[in-house]
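A.B. asks: After the C-alpha cells below, expect a handful of questions from me.
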Amino acid sequence: SKSNIGLIGLAVMGENLALNMERNGWQVSVWNRTTEVVDNFINGRAKGKNIVGCESLEDFTTTLETPRIVMMMVRAGNAVDEVIEKIVPYLSEGDILIDGGNSYFKDTERRVKDMYASGFYFVGAGVSGGEEGALNGPSIMPGGAAEAWPRIKPILQSIAAKANGTPCCEWVGPGGSGHFVKMIHNGIEYGDMQLISEAYFLLKHLQGMGNAEMGDIFARWNEGKLKSYLIEITGHILLHKDVTGAYLLDRILDVAGQKGTGKWSVINALELSIPLELIATAVFERYLSSEKLLRMIAAKTYPRKKPEVVSNKEELIEEIHQTLYAAKLVSYAQGFGVLKKASETYDWKLNLATIARLWRAGCIIRSTFLDDIAYAFEQDSNLENLLLASHFSKEIQEALPYWKKLVATAAHEEISSPAFSSALNYFYSLTTDRLPANLIQAQRDYFGAHTFERVDEEPGKFFHENWTGHGGNTKSGTYNA
Ligand code: NBP
C-alpha cells in the first residue's frame with residue numbers, strides 16, 4: 001500500500017518524527033541524502049515498523065499516495081532549497097511540501113509564493129520539543145498555504161503533544177507566519193533560560209546555597225505559578241552528579257552557545273520597532289559569556305568583594321521567586337507584542353490566544369502560565385500589552401516590592417542580573433506617562449533640526465526652535481525609521 005506521508009531528513013528530529021507518525025497509525029516513507037542513514041534507520045529503530053525506506057527521491061515519491069504530503073526535516077537554509085529543487089520534478093500539482101525545520105520566516109514566505117506559482121502547497125511548520133518531543137509529541141506551528149491544512153491536519157494533530165486533550169498544533173496563518181511564531185517561541189526560550197540562570201546565580205551567591213538545596217527550591221517552584229518544563233529540568237540539572245560523584249553543573253564551562261533563533265527574534269523586533277529588551281539581553285549575555293578570556297582579564301582589573309549573605313533566607317527565596325515570575329511576564333508581554341505587530345505588518349491575522357495554547361505542551365517553554373496568557377487574549381483579542389490584563393496586573397503589583405528589592409540588592413552586592421533589571425526598567429518605562437524623551441527630542445532638534453511636538457499643542461504638529469540664535473529655519477524631514 002502507499003504511504004500517507006513522506007519524510008525527508010533522518011537526523012535526530014526526522015527519525016523521531018517518523019517513529020511518532022508510525023506509532024499513530026500512519027504509513028511513512030523516508031528518504032535521506034546520505035543513503036546509509038536510511039539503511040541504518042530501517043534496520044535499526046524502524047525495524048518491523050510500517051516505515052518504507054527509499055534509496056532515491058524518485059522512488060520515494062512513487063511510494064506516496066496522491067496528492068502527496070512530504071515533510072522535510074533538514075538543516076535550515078540552502079538545504080531546504082536544494083531538496084525542493086530535487087523533488088519538484090517528481091511531484092504533481094496539488095502536492096504538499098512541509099518544511100518542519102527552523103527556517104527563517106522570510107525564506108518560508110518566498111517558498112510559499114514560489115511553490116504556489118508552480119502549483120504546489122508549501123507549509124512552513126515550526127516544530128518544538130527537541131528529540132523527545134519529536135518522538136512523543138511536539139508542539140507544531142504550521143503556516144503557509146491554507147489549502148494544505150485540511151489534509152495535513154489529521155496527521156500533524158495526531159503526532160502533536162496534547163494539553164488537556166487539545167493538540168498543540170493549530171493553523172497559525174499565511175506565508176511565513178508559522179516559522180515566525182516558532183522563532184519568537186525560541187526567543188522566549190532564550191529569555192526564560194536567562195531569567196532562570198539569574199535566579200540560580202542569586203540563590204547561590206546571596207545565600208551561598210548548595211546545589212541540593214537549590215534543586216529542592218526549583219522542585220518546589222515547579223509546583224506553583226512557575227510550573228514549567230524549564231523550571232523542572234533546572235531542578236534535575238542542579239541535582240545531577242557525574243560519574244565521579246561531583247555535581248556536573250559546577251564543572252560545566254560558563255560559555256553559552258546558540259544557533260541563531262534568539263538573534264533573529266531580536267533583529268525582527270528591531271525591524272518592527274517593538275521593544276524586545278529581555279530577549280535581547282538574553283542573547284547579548286550569551287555573547288558576553290563567550291568572551292571568557294576578556295572576562296577573566298577584566299575580573300583581575302576589577303576585583304570583586306564576596307557578596308554578603310542576605311540574612312533572611314526565606315524572604316530572599318520569595319524575592320527571587322516573585323522576580324522570576326514578574327520578569328518572565330515582562331518577557332512574554334514583549335514577545336507577544338512583537339507577534340501582534342508582525343501580524344498587523346504582514347497581515348497574518350494571528351490569533352494570540354491560539355498561539356499561547358500551542359505552547360502549553362510539547363515545547364521547551366511549556367508552562368501553566370500560558371493558560372493564563374491564552375485566557376487574557378481570549379478575554380480581549382486586541383489587548384495592547386499583557387501587563388494590562390487584570391489577572392497579570394494583580395500579579396505584578398504583588399511581585400513589585402520583592403522585585404525592586406532584589407534588583408537593588410543584586411546591584412549593591414555586585415552580582416549581574418541583567419534580565420531581572422531590564423524587565424524592571426521596562427516596567428517602569430511602560431508605566432510612566434512622562435519619559436525623558438522630551439530631552440532627546442530637544443537635542444535632536446538642536447543639532448539636526450529634527451523638530452518636536454509640544455505638550456501644549458495638537459499632536460502631529462511639529463516645531464523647530466532656533467536654539468542658538470544663529471541657526472536657519474530649514475527643518476529636517478519628519479519620519480521615523
Ligand atoms: P540537522 O539540522 O543537523 O540537519 C541534518 C539533516 O539535514 C540530515 O538529514 C542531513 O542529511 C540533511 N541535509 C543537510 Br545538513 N544538507 C542537505 C542537503 N543539501 N540536501 C538534503 N539534505 C540535507 O538535523 P536536526 O537537528 O534533526 O534538525 C532538523 C531541522 O529541525 C533543522 O532545521 C533544525 O533547526 C530543526 N529543529 C531541530 C531541533 C533539535 O532539537 N535538534 C528542534 C526543533 C527544530 P545527511 O544525513 O545527508 O547529512
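A.B. asks: Hey, any hits in region 348-362 for a residue that's surrounded by fewer than 22 Cβ atoms within 10 Å (Cβ to Cβ), in contact (Cβ under 8 Å) with a residue 40 or more places away in the chain and out of contact with any Phe, Trp or Tyr (no Cβ under 9 Å at 6 or more places or on another chain)?
C.D. replies: Yes; the residues of region 348-362 include at least one that is surrounded by fewer than 22 Cβ atoms within 10 Å (Cβ to Cβ), in contact (Cβ under 8 Å) with a residue 40 or more places away in the chain and out of contact with any Phe, Trp or Tyr (no Cβ under 9 Å at 6 or more places or on another chain).
A.B. asks: Which numbered condition in (1) surrounded by fewer than 18 Cβ atoms within 10 Å (Cβ to Cβ); (2) within 21 Å of His205 (Cα to Cα); (3) over 27 Å from the mean Cα position of the chain (by Cα) is the only one that Ser289 fails?
C.D. replies: (3)
A.B. asks: Need the failing condition index for Pro67 against (1) within 15 Å of the ligand (Cβ to nearest atom); (2) in contact with a strand residue (DSSP E or B) (Cβ under 9 Å, 6 or more places away or on another chain), just the number.
C.D. replies: All conditions are met except number (1).
A.B. asks: Would you confirm, using the coordinates I've provided, whether Glu189 is charged (D, E, K, R), in a helix (DSSP H, G or I) and within 16 Å of the ligand (Cβ to nearest atom)?
C.D. replies: When the stated conditions are applied, Glu189 passes them.
A.B. asks: For region 232-253, check the following and say yes or no: at least one residue is within 16 Å of the ligand (Cβ to nearest atom), within 30 Å of Ser343 (Cα to Cα) and at pLDDT 95 or above.
C.D. replies: no
A quick yes/no check of all residues on (1) among the hydroxyl-bearing types (Ser, Thr, Tyr); (2) closer than 18 Å to Leu226 by Cβ; (3) part of a helix (DSSP H, G or I); (4) not assigned by TED's automatic domain parsing to the domain that holds Gly472:
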site	(1), (2), (3), (4)
Ala361	no, yes, no, yes
Ile365	no, yes, no, yes
Ala374	no, yes, yes, yes
Ser381	yes, no, no, yes
Lys405	no, no, yes, yes
Thr409	yes, no, yes, yes
Asn425	no, no, yes, yes
Asp456	no, no, no, no
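A.B. asks: Modelled with pLDDT of 95 or more, within 14 Å of the ligand (Cβ to nearest atom) and surrounded by fewer than 22 Cβ atoms within 10 Å (Cβ to Cβ): does that describe Glu55?
C.D. replies: In short, yes.
A.B. asks: Could you please find all residues in region 91-102 being within 27 Å of Thr62 (Cβ to Cβ) and within 14 Å of the ligand (Cβ to nearest atom)?
C.D. replies: Passing the criteria: Leu97, Ile98, Asp99, Gly100, Gly101.
A.B. asks: Does region 412-430 contain any residue that is within 30 Å of Leu324 (Cβ to Cβ), surrounded by 13 or more Cβ atoms within 10 Å (Cβ to Cβ) and acidic (Asp, Glu)?
C.D. replies: yes
A.B. asks: On the given criteria, is Asp81 within 21 Å of Gly119 (Cα to Cα), within 11 Å of the ligand (Cβ to nearest atom) and within 34 Å of the chain's Cα centre (by Cα)?
C.D. replies: So Asp81 fits the description; yes.
A.B. asks: Scan region 445-478 for residues that are loosely packed, with under 13 Cβ neighbours inside 10 Å, over 22 Å from Arg434 (Cβ atoms) and not small (Gly, Ala, Ser) and jot them down.
C.D. replies: Phe447, Asn466, Thr468, His470, Asn473, Thr474
A.B. asks: Please go through region 117-144 and pick out each residue that is within 15 Å of the ligand (Cβ to nearest atom), in contact with a Leu (Cβ under 8 Å, 6 or more places away or on another chain) and not small (Gly, Ala, Ser).
C.D. replies: Val123, Val127, Leu135, Pro138, Ile140, Met141, Pro142
A.B. asks: Follow-up. Just to check your reading of the model, which residue among Trp149, Trp171 is away from the ligand (no atom under 16 Å from the Cβ), in a loop (DSSP other than H, G, I, E, B) and free of Cβ contacts under 8 Å to residues at least 40 places away in the same chain?
C.D. replies: Residue meeting the stated conditions: Trp171.
A.B. asks: Determine which member of the set Ile196, Ile155, Ile217, Ile188 is within 24 Å of Gln27 (Cα to Cα), of a type outside the set (Gly, Ala, Ser) and buried (at least 17 other Cβ atoms within 10 Å of the Cβ).
C.D. replies: Ile155
A.B. asks: Looking at Ser1 and the list (1) within 23 Å of Gly137 (Cβ to Cβ); (2) away from the ligand (no atom under 13 Å from the Cβ), which single condition is not satisfied?
C.D. replies: (1)
The values are calculated or read from the model by the stated rules, or taken from the named source; none is laboratory data. Computed from a prediction, not measured in an experiment: that's the story for all the values here. With ideal geometry, Cβ positions are generated from the backbone for all residues, glycine too; neighbour counts draw on all protein chains shown.
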